[in-house]
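Chemist: Please read through the structure below; I'll follow up with questions.
Derivation of every value follows stated rules applied to the coordinates shown; laboratory data play no part. Since the model is a prediction, treat every value here as computed from it, not as a measurement. Please note: Cβ atoms are built from the backbone with ideal geometry, for glycine as well, and neighbour counts cover all protein chains shown.
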Amino acid sequence: MRPTVFARIGRHSAKAIIIGLLAVPACLSLQALSLPDDPNLAPLPPRPHSFGELVELPPKVTAWVSDHFGFRANFIMADNIVRFKLFHEFPTVQVAYGQHGRYFMAAHAKNAGPYQAMTAVCGKGKATDATIPYLNKLFSTFHAAGLDPKLLVVASSPAVYPQDVPRSLVAECSSSDTAAARVLAAPELLPEARRSILYPLKEMREIAKNATLFPKTWFHWAGDGLDQVARLSLTAFWQTPLDQPPLKVYKHIGDSDLGHMIIGIKLTSELIEPNFEASGIKACFGPDCYPEIEGVGRVLGDISRFHNPNAPKRRLLILSDSFGQKASQWYARYYGEVEHFCTSHTAKLTPQQVEAMKAYIYRNRADTDILLLYHDGGAMYDVLRLGTEPILPGAPAPKA
């Protein structure tokens with residue numbers, strides 16, 4: 001039986017609709033021709049001028065189309081949401097879903113191996129060859145300058161919560177024989193360096209049973225457990241009086257610091273943070289906190305300072321990686337002044353800015369305690385070295 005006219009119309013209409021649906025995003029992709037180049041996307045290849053360039057053209061054009069296809073971000077977002085909701089899968093090796101609702105930063109780069117950031121701080125991690133020589137140099141240099149800093153190596157969440165990592169990593173992350181532990185036990189580490197370093201893995205595992213050290217969706221630490229680690233470090237390093245009244249705190253739901261890695265997926269956790277106004281503490285965050293060294297704050301970015309009129313009139317200088325931002329807030333309970341500088345961008349300072357910063361942070365030496373605070377991944381894998389080497393103190397000026 002010959003198809004009716006309506007059947008023909010319906011069949012051809014379906015084809016037209018499908019072609020139209022594909023044509024819309026394809027046409028939208030042409031708008032990218034008039035936009036500035038995005039270094040994160042494949043560039044449009046130039047017109048070929050030789051047979052060799054012509055042969056190389058198809059994959060380059062395919063890469064450009066893939067990166068500029070209309071509604072690309074929407075399609076990626078939809079794929080991410082479906083994979084996450086159905087399988088707890090992520091489109092990147094940088095984030096991993098563990099057990100009991102906890103998430104981990106699994107790799108520091110998109111091209112890193114599976115669980116690279118986790119195994120580095122668990123049992124199979126091995127510190128870089130430069131770590132022990134630099135720790136020896138760091139403390140020798142400070143001591144030669146008449147300064148006596150202490151180093152707190154913060155255990156990362158995979159080592160603190162080994163029961164929550166993916167099942168294949170539980171045994172490895174349950175071990176206490178980590179890269180940081182082996183560095184502290186190494187005979188090459190000078191005694192003066194060893195006695196100035198605290199790596200409280202065992203203690204942090206105990207603290208985590210009753211207080212928050214790492215929100216379940218976070219890479220960085222945050223929570224009321226940080227106060228307990230602060231007290232632990234102050235007791236170990238300086239026998240600082242700990243009878244200051246507890247900080248007032250507040251709870252709120254905060255976005256995960258891993259969320260920016262996954263388009264379309266919103267990860268949140270309950271955060272417990274100090275309420276500075278209720279605690280009578282003046283807090284400042286960001287580049288404008290130190291007008292005394294104008295320009296330095298703009299380069300470093302992650303800096304803060306706290307004034308507590310009810311605490312002992314002593315100053316704490318914290319030099320840190322990104323783990324110092326949350327920790328410095330809890331030390332404000334015990335010091336009249338806390339000054340925090342993240343050293344991730346010290347290499348970008350001009351020589352003049354370096355000298356100005358050193359003159360400022362190493363002032364009032366008799367009334368200052370110096371705390372270097374880096375997580376195990378930072379301390380063992382050159383973040384500490386690269387951040388502090390530009391600002392190591394010089395020898396003290398000769399007395400007149």
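Chemist: Find the all-direction average of the projected area of the Cα convex hull for the stretch 121-193, expressing the result in square nanometres with one decimal place.
Modeler: Orientation-averaged projected area of the Cα hull: 5.1 nm².
Chemist: What lysines sit close enough to LYS124 to cross-link, taking a C-alpha to C-alpha distance under 23 Å and skipping anything fewer than 8 places away on the same chain?
Modeler: Partners within reach: LYS110, LYS202.
Chemist: Could I ask something else about it? Going highest first, how would you order 316-322, 90-96 by mean Cβ packing within 10 Å?
Modeler: 316-322, 90-96
Chemist: With only Lys, Arg, Asp and Glu charged, each at its Cβ (+1 for the first two, -1 for the last two), find how big the charge dipole of the chain is about the Cα centre; round to the nearest 20 debye.
Modeler: For the chain, the charge dipole is close to 920 debye.
Chemist: Going through the DSSP H helices of the chain, which span 24 Å or more along their own axis at the Cα atoms while scoring at least -1.0 as a mean Kyte-Doolittle hydropathy?
Modeler: In the chain, the long hydrophobic H runs are 5-29, 51-68.
Chemist: Here's a follow-up. At what distance in nm do the modelled label points of ASP129 and ALA211 sit from each other, each positioned 7 Å from its Cα along Cα→Cβ?
Modeler: Going by the 7 Å Cα→Cβ label model, 4.1 nm.
Chemist: For the peptides 248-257, 168-177, 382-391, what is the packing order when you average, over each peptide's residues, the other Cβ atoms within 10 Å and list the highest mean first?
Modeler: 382-391, 168-177, 248-257
Chemist: Just report the Cα centroid separation between the stretch 193-243 and the stretch 104-153, whole Å.
Modeler: So the two Cα centres are separated by 18 Å.
Chemist: Using DSSP, restrict attention to beta bridges with both residues in the chain and report what percent are antiparallel, rounded to the nearest 5.
Modeler: The antiparallel fraction comes to roughly 50 percent.
Chemist: Further question: What ranking do 333-342, 180-189 get when scored by the average of other Cβ atoms within 10 Å per residue, highest first?
Modeler: For the peptides 333-342, 180-189, the packing ranking is 333-342, 180-189.
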